[in-house]
1. Pick out, from region 1-86, the helices (runs of 4 or more DSSP H) lying fully within it that include 1 or more residues that are of a type outside the set (Val, Ile, Thr) and touching a Lys or Arg at 6+ places or on another chain (Cβ under 9 Å).
2. May I ask you to say which residue of Phe27, Phe66 is farther than 22 Å from Arg208 by Cα, of a type in the set (Phe, Trp, Tyr) and over 12 Å from the mean Cα position of the chain (by Cα)?
3. Quick one: would you say Thr89 is in a helix (DSSP H, G or I), within 25 Å of Arg208 (Cβ to Cβ), at pLDDT below 95 and among the hydroxyl-bearing types (Ser, Thr, Tyr)?
4. Filtering region 152-207 down to residues that are among the aromatic types (Phe, Trp, Tyr) and at pLDDT below 95, which residue is farthest from Thr139 (Cα to Cα)?
5. Working only within region 90-124, note down all residues that are of a type in the set (A, V, I, L, M), under 14 Å from Ala188 (Cα atoms) and either surrounded by fewer than 17 Cβ atoms within 10 Å (Cβ to Cβ) or free of Cβ contacts under 8 Å to residues at least 24 places away in the same chain (or both).
6. crowded, with 20+ Cβ neighbours inside 10 Å, of a type outside the set (A, V, I, L, M) and farther than 22 Å from Tyr199 by Cα - does that describe any residue in region 54-67?
7. For region 153-184, which positions are more than 13 Å from Ser74 (Cβ to Cβ), of a type in the set (Val, Ile, Thr) and outside any loop (DSSP other than H, G, I, E, B)?
8. How many residues are closer than 24 Å to Pro192 by Cβ and buried (at least 20 other Cβ atoms within 10 Å of the Cβ) if we restrict to region 136-169?
Amino acid sequence: MIKSDDATRQGVIVGAAAALAASIGDFAELYVGNALRPELDLPHPPDIVLWLGCLLGLIGLPLFGFGYRAVARSFADRAPTLARMTTLTGFATGFVGAIVHGYTALLIDRQVHAGAASADPAHAIMAGGPTLLWLWAITALSLIVASAAFITGHGRRFGFAHPLTLLNPFSLTLMLADIGGFGTWGPAFLQPAAPNLAYMLFVVLFLRAHHQDRLPAEVSA
């Protein structure tokens, strides 16, 4: 196998930067949407905030696959098929997530120009129609498959009790969504942003472990 520590580190850094951009984009869109909720009494931002948030997500989300590919290198020697599955479904998660992000911006913009009040993000997704619901379902399925492939491959290589096996994108998403279920601001901002924040936390944890030479990086054939 060809050692590729630099390639792995670079891929994880790209993934982390992409997740940061996408998360900022999430919060920008969420702020605009939540500003339409009278009960929150948030100042209405300029129109540019929504479209900057949309652009950040459209740029960042498709790059998530590079982070998935980088972490998959760590177990490609033991489970090459699972490494490829992690990479492919990771890219799929990012691309479909970008479509969700852009489509959500369009729906929010429609509400802004209609002067309509908005519901909380969970109910707004439900009210967004079947297209948005299907896009969310596909994104969730891709995330679950990518995480399952990572868990299995990484578990075979380093053990299923390894912290990085347990702290995968899906489990971190559930943890952040659970934390965000409390109060007024958690459901308004943290819960809907949980998937991208979880991915950012995941790749940062991997980068830290990789930097400390806990995980060897391999290139799959």
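The values are calculated or read from the model by the stated rules, or taken from the named source; none is laboratory data. No experiment lies behind these values; they were computed from the predicted model shown. Cβ placement follows ideal geometry from the backbone for every residue including glycine, while neighbour counts extend to all protein chains displayed.
1. 5-34, 64-72
2. Phe27
3. No: the conditions fail for Thr89.
4. Phe158
5. The answer is Ala119, Ala122.
6. Within region 54-67 (the criterion being crowded, with 20+ Cβ neighbours inside 10 Å, of a type outside the set (A, V, I, L, M) and farther than 22 Å from Tyr199 by Cα), the answer is no, since none of the residues qualifies.
7. Of everything in region 153-184, those that are more than 13 Å from Ser74 (Cβ to Cβ), of a type in the set (Val, Ile, Thr) and outside any loop (DSSP other than H, G, I, E, B) turn out to be Thr173, Ile179.
8. Final tally of qualifying residues: 8.
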